[in-house]
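The values are calculated or read from the model by the stated rules, or taken from the named source; none is laboratory data. All of these numbers come straight from a predicted model, not from anything done at the bench. All Cβ positions, even for glycine, are placed from backbone atoms using ideal geometry, and neighbour counts span all protein chains on display. What goes into the accessible areas is simple: the full protein's heavy atoms, side chains included, and nothing from ligands, DNA or RNA. Shrake-Rupley method; radii C 1.70, N 1.55, O 1.52, S 1.80 Å.
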Amino acid sequence: MIAEILADTTARMDRAVEAAKEDFATVRTGRANPQLFQKVLVDYYGTPTPLAQLASLNSSDARTLVITPYDKSALKAIEQAVREMPNLGANPTNDGTLVRVTMPELTAERRKEYVKLVRTKGEDSKVQLRGIRRKSKDELDALKSEVGEDDLVRAEKELDAVTRAHVDAIDEALKRKEAELLEV
C-alpha cells in the first residue's frame, strides 16, 4: 500500500516537473521559437483551438517565425490571437497566405521581466509539488492503523526525498532558463 502511494506520488510529481519545463519553454528568449506559440488559442469558428492544430510553424531566421494556416479563412483569427498573446510583444503581419511574426529585440529591462515571470512560474510549480506531497502525506497518515509506525516514518522520509529531488529538478530547469534569458 505504501509503495503504491509513493509510486503514484512520484508519477504525479514527474508530470508536474514536465509541465513546468513546458511552461518555461513558452517564455521567449532572443530567438523566434515555435514553442513560444504552444499555448496560443485561436478563436476558430467560435471554439478556442490551439494554434498548432490550425497551422504549421517554422522559423525563417532568428527573429522571424512563419505561420502557414491549413485553412486560409483562419488567417485573420490567427493574426489576432498572436497579437493579443501576453508577454510576447510580437508584431504579426498577414500577406494573404501566411502570417509572419517578427519578434522585437529583447532589451535588458525586458529580459529581467521575463526572468521574474519564469521565477513566478517556477514557484507556482513548487507549490504544486508541495500540494502533491501534502495529499500523499495525508494518504500515508490514513494508513496509520494498518501498518507499523516505523514503516510510516520510513515512507515519510522517502516522500521527502522524492519531493526534494523534484524541487531540485524544477530549480535546475529554472536556472537553465534564466541563463538562456540573460544570454545576449
Practice task
Specify whether the C-alpha gyration tensor of the chain places it in the rounded, prolate or oblate class, a ≥ b ≥ c being the square roots of the eigenvalues: rounded for a/c under 1.5, otherwise prolate if a/b is larger than b/c and oblate if not.
Solution key: prolate
Handout entry: Cross-link table K21/K137; K21/K157; K21/K72; K39/K177; K21/K76, entries beyond 28 Å C-alpha to C-alpha
Key = K21/K72; K21/K76
Handout entry: Computed [θ] at 222 nm, helices only, for the chain once each DSSP H run of length n ≥ 4 contributes -39500 (n - 2.57)
Key = -20000 deg cm²/dmol
Completion exercise
Expressed per residue, the solvent accessible area of the range 1-141 in Å² (1.4 Å probe) is about 54
Handout entry: Cut-off of 10 Å, at most 15 other beta carbons, DSSP loop: longest stretch of the chain lacking such trypsin sites (Lys or Arg not before Pro)
Key = 40-143
Fill in the blank from the handout: In the chain, taking the dipole from +1 charges on Lys and Arg beta carbons and -1 charges on Asp and Glu beta carbons about the Cα centre, the listed residue (T10, Y114, M103) farthest towards the positive end is M103
Exercise for the section: Quote the charge dipole size of the range 77-184 about the Cα centre in Debye, to the nearest 20; the model charges only the Cβ of Lys and Arg (+1) and of Asp and Glu (-1). Expected result: 380
